[in-house]
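The values are calculated or read from the model by the stated rules, or taken from the named source; none is laboratory data. Keep in mind that this is a model prediction, so the values were computed, not measured. All Cβ positions, glycine included, derive from the backbone under ideal geometry; neighbour counts span all protein chains shown.
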Protein chains: 2
Amino acid sequence: MIMDNFTMYNPTALHFGKDIIQKLAGVMKSYGRRVLLVYGKGSIKNNGIYEQVMHQLRLAGAEVFEYSGIKSNPIVEDVDAAAKLGRENNVDVVLAIGGGSVIDSAKVISITIPVQHSAWDFYSDKAKPVKAVPLIAVLTLAATGTEMNMFSVIQNHQEGRKAGWGHKLMYPAHSFLDPSFTFSVPADYTAYGIADLIAHCLENYFGKAEASLTDRFIFSIIAEAVDNADGVLDEPLNYDYRANIMYAATAALNGLTSFGKGMGDWGVHSIGHVLSLLYDIPHGASLTIVYPAWMKFHQNVLDEKIGRLGKAVFGSQNSEQAIHSFENFFSSIGCPVKLQDVGIGLDKKEEILKGLKHNRVQGSIYKFTDAQLEELLELMYG
Amino acid sequence: MIMDNFTMYNPTALHFGKDIIQKLAGVMKSYGRRVLLVYGKGSIKNNGIYEQVMHQLRLAGAEVFEYSGIKSNPIVEDVDAAAKLGRENNVDVVLAIGGGSVIDSAKVISITIPVQHSAWDFYSDKAKPVKAVPLIAVLTLAATGTEMNMFSVIQNHQEGRKAGWGHKLMYPAHSFLDPSFTFSVPADYTAYGIADLIAHCLENYFGKAEASLTDRFIFSIIAEAVDNADGVLDEPLNYDYRANIMYAATAALNGLTSFGKGMGDWGVHSIGHVLSLLYDIPHGASLTIVYPAWMKFHQNVLDEKIGRLGKAVFGSQNSEQAIHSFENFFSSIGCPVKLQDVGIGLDKKEEILKGLKHNRVQGSIYKFTDAQLEELLELMYG
């Protein structure tokens, strides 16, 4: 069982820790003074993060152009509008404050500023990025790992698609992670973040090739998330729990869980994206609905692999116990594990199936026929 | 128990896998045509690696200036002479083929080429590096992790010192790791490499701060090394075992084992360096003599930490069992665990003690008085 060839290379400088934002002004200065500031619905103005960042920008003598209102399932219209603002003001750097949706958007903004077409042209393979305005990210949610990778997920309602895509120009130049910046994240989104990081480990774990040390790292990250979940939900202001979860989320998708494993499967993500697109379900919540069903569907083929995973993380005895352990864990932290848990009844079955087909959901390894998609959907209803 | 702030940043592009050397020509071309080729005592001419690299250099149209003969405990005279050769020939890139000693030397050569003084001035803090000729490394030994970090250890016989030092200009730009390039490494050096990578994990594990995910990664790497040791020694031509050990060695010292833990202790390394300096003991072998003694010396203070480590790696019940397990494991793969095992008798005691004092051996956390050094030395004799 040979491991796949791989390249380890990650140009992002990630600064992690208490009061780490104090390094921002110094870093910012090295890029220039004209800053496009991108954020979401303004919660950063209530929890003090906006003011801390603005203080750094003043120290750096920055001229700031703001684009706010990025949605939690980000849309291409916002990306295009923000890129236009950045282009017209000839910005030197993009500064994103937020979670996955804001930073994902900012990544695409940074490669769209230098061009004249819509960002969606990159996603639909009509254009290739040629350069990027440097991106600095300030993370406020431990979940997607976007702070240290080249991937971005956005959606296009006109085309009814939500798609993930990556390019090496989209690595943030710098990311700032202060675990205390996640203190005000509510319990539900904290849990969705934990689910998301675990799902990233799983997508890579179910990759084609075998790489034993990478598997150990995957088990380590999942176990770390599981072991810190109750703590962070019970004590949201506890720095240690927040720090452990935040680092786990970065490690889950910065390359470490994929070296030697090939490209991972990512079928569950593509299915989850359709649920988010249709019903605006938070990304992490969509994954906890799909993953147990996906593992049940593939249980025979993946018996050994699921069993080994469950043993390492939960001490379970076989693949069936392993799947139940994941399902129980997700439930225990308040995540939905059935479509009914988010209020989606059987009457939506045809609509979902149509969306799955339209978005051509497929893992890179485990493919689905239309009939199998229906079978999987049954399992998601439970 | 708060984790330390940290920055994750590693500019090395590491290319790992079977026949990965075929990417060298393309990478090489982007740096220029004038190449300083650095290697050791010529074993690469017997195992075919030299010819494979030369083929790539011809494809890249390179003009090659060779410096060979780097010693396994590398000396500053070689570094200075190679830097002179590179300087006089105005090279665009340094290409190192070898293990830790060659690549460590090449790192210092790459920052010494642009200056007029001895490389030792960097080690003795008389000069600071200002720029580096880009370095490309082709690794032939899984051990030190030098292929993806900024550290280098060289020795100066005139001053009776062997010292480790690091600078961010010393990261290799690219490293090429083909596990089959380690097929011809003999059993003893294969074992010393395993010991070395485990020691790197331990130096970081015994760092000041607590970082639970980093500890899990440390346990993962040590367990991976332990679990693959018999295999790689029994079947030296087995790609999988070689690959698992090779990746473990990189992961042990590319940052992953230190994030959030602070700087690590490194007292054992500084003591081991003195043994290598005085008696030309291979680096890995010096560490397996020192580490069991060091853990015994600190057993009371580190009871919980050593116990937790032993449980995770060997399933041992307490710190005493844990130390014995490490000692037994090192012995089982043919590494010395007592000074007598490498033929150093009690008559050398004073000489060693003098060397330890002269080199001011100290961990960054666990310090030794002169009396304690003597006590530690007793434990190394067993």
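Restricting attention to the stretch A:359-379, report how many residues are under 17 Å from A:Asp280 (Cβ atoms) and either part of a helix (DSSP H, G or I) or of a type in the set (Gly, Ala, Ser) (or both). Total meeting the criteria: 0.
Among what's in the stretch A:30-44 and is in contact with a Phe, Trp or Tyr (Cβ under 9 Å, 6 or more places away or on another chain) and at pLDDT 95 or above, pick the residue that is farthest from A:Ala82 (Cα to Cα). Filtering the stretch A:30-44 for residues that are in contact with a Phe, Trp or Tyr (Cβ under 9 Å, 6 or more places away or on another chain) and at pLDDT 95 or above, the one farthest from A:Ala82 (Cα to Cα) comes out as A:Ile44.
Exactly one residue among A:Asp80, A:Asp104, A:Asp125 is closer than 26 Å to A:Gln158 by Cα, of a type in the set (Asp, Glu), outside the structural domain of A:Ala252 (by TED's automatic domain parsing) and assigned to a loop (DSSP other than H, G, I, E, B), and that residue is A:Asp125.
Count of the stretch A:184-226 residues, restricted to those that are over 17 Å from A:Asp265 (Cα atoms) and surrounded by fewer than 17 Cβ atoms within 10 Å (Cβ to Cβ), is 4. If you go through the stretch A:320-341 one residue at a time, do you hit one that is assigned to a helix (DSSP H, G or I), surrounded by fewer than 20 Cβ atoms within 10 Å (Cβ to Cβ), at pLDDT 95 or above and of a type in the set (A, V, I, L, M, F, W, C)? No: zero hits. Here B:Gly99, B:Gly61, B:Gly48 are screened, and the one residue that is touching a Leu at 6+ places or on another chain (Cβ under 9 Å) and among the small types (Gly, Ala, Ser) is B:Gly99.
Checked against (1) touching a helix residue (DSSP H, G or I) at 6+ places or on another chain (Cβ under 8 Å); (2) of a type outside the set (Val, Ile, Thr); (3) assigned to a loop (DSSP other than H, G, I, E, B), A:Leu24 passes all but a single condition, namely (3).
Going by what's in this entry, would A:Tyr291 be described as of a type in the set (Phe, Trp, Tyr) and more than 29 Å from A:Met3 (Cα to Cα)? Against the criterion (of a type in the set (Phe, Trp, Tyr) and more than 29 Å from A:Met3 (Cα to Cα)), A:Tyr291 does not qualify.
For the stretch B:2-27, the set of residues classified as among the hydrophobic types (A, V, I, L, M, F, W, C) and either more than 7 Å from chain A (Cβ to nearest Cβ) or at positive phi (or both) consists of B:Ile21, B:Leu24, B:Ala25, B:Val27, listed by residue number. Determine whether A:Leu256 is more than 8 Å from chain B (Cβ to nearest Cβ), of a type in the set (A, V, I, L, M, F, W, C), over 22 Å from A:Ser331 (Cα atoms) and part of a loop (DSSP other than H, G, I, E, B). Taking the combined requirement at face value, the residue does not satisfy it. When the criteria are applied in full, A:Ala249 fails the requirement of being facing chain B (nearest Cβ under 10 Å) and within 22 Å of A:Gly164 (Cβ to Cβ). Going through (1) in contact (Cβ under 8 Å) with a residue 60 or more places away in the chain; (2) surrounded by fewer than 17 Cβ atoms within 10 Å (Cβ to Cβ) one by one, A:Gly255 falls short only on (2). Just one of the listed residues (B:Gly61, B:Gly69, B:Gly48) is surrounded by fewer than 21 Cβ atoms within 10 Å (Cβ to Cβ), free of Cβ contacts under 8 Å to residues at least 24 places away in the same chain and away from chain A (no Cβ under 14 Å), namely B:Gly48.
Scanning the stretch A:38-67 for residues that are under 19 Å from A:Leu135 (Cβ atoms), part of a loop (DSSP other than H, G, I, E, B) and over 20 Å from the mean Cα position of the chain (by Cα) yields a count of 2. All conditions but one from (1) more than 14 Å from chain A (Cβ to nearest Cβ); (2) more than 20 Å from the chain's Cα centre (by Cα); (3) not basic (Lys, Arg) apply to B:Val79; the one that does not is (2).
Each row is one residue, and each column tells you yes or no for (1) part of a loop (DSSP other than H, G, I, E, B); (2) aromatic (Phe, Trp, Tyr); (3) on the phi > 0 side of the Ramachandran plot; (4) within 14 Å of another protein chain (Cβ to nearest Cβ).
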{"position": "B:Val133", "(1), (2), (3), (4)": "yes, no, no, no"}
{"position": "B:Leu141", "(1), (2), (3), (4)": "yes, no, no, no"}
{"position": "B:Leu169", "(1), (2), (3), (4)": "no, no, no, no"}
{"position": "B:Pro172", "(1), (2), (3), (4)": "yes, no, no, yes"}
{"position": "B:Asp188", "(1), (2), (3), (4)": "no, no, no, no"}
{"position": "B:Asp196", "(1), (2), (3), (4)": "no, no, no, no"}
{"position": "B:Gly207", "(1), (2), (3), (4)": "yes, no, no, no"}
{"position": "B:Phe219", "(1), (2), (3), (4)": "no, yes, no, yes"}
{"position": "B:Val226", "(1), (2), (3), (4)": "no, no, no, yes"}
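Summed over the stretch A:240-249, the residues that are touching a residue at least 60 places away in the same chain (Cβ under 8 Å) and within 21 Å of A:Asp188 (Cβ to Cβ) give a count of 6. When residues in the stretch B:228-239 are screened for being facing another protein chain (nearest Cβ under 10 Å) and without any contact (Cβ under 8 Å) to a residue 40 or more places away in the chain, 1 of them pass. Pairs are defined by a Cβ separation below 7 Å, a sequence spacing of at least 6 or placement on different chains, a first member in the stretch A:95-111 that is on the phi > 0 side of the Ramachandran plot, and a second member that is of a type in the set (Gly, Ala, Ser) and outside any strand (DSSP E or B); the pairs so defined are A:Gly98/A:Gly40.
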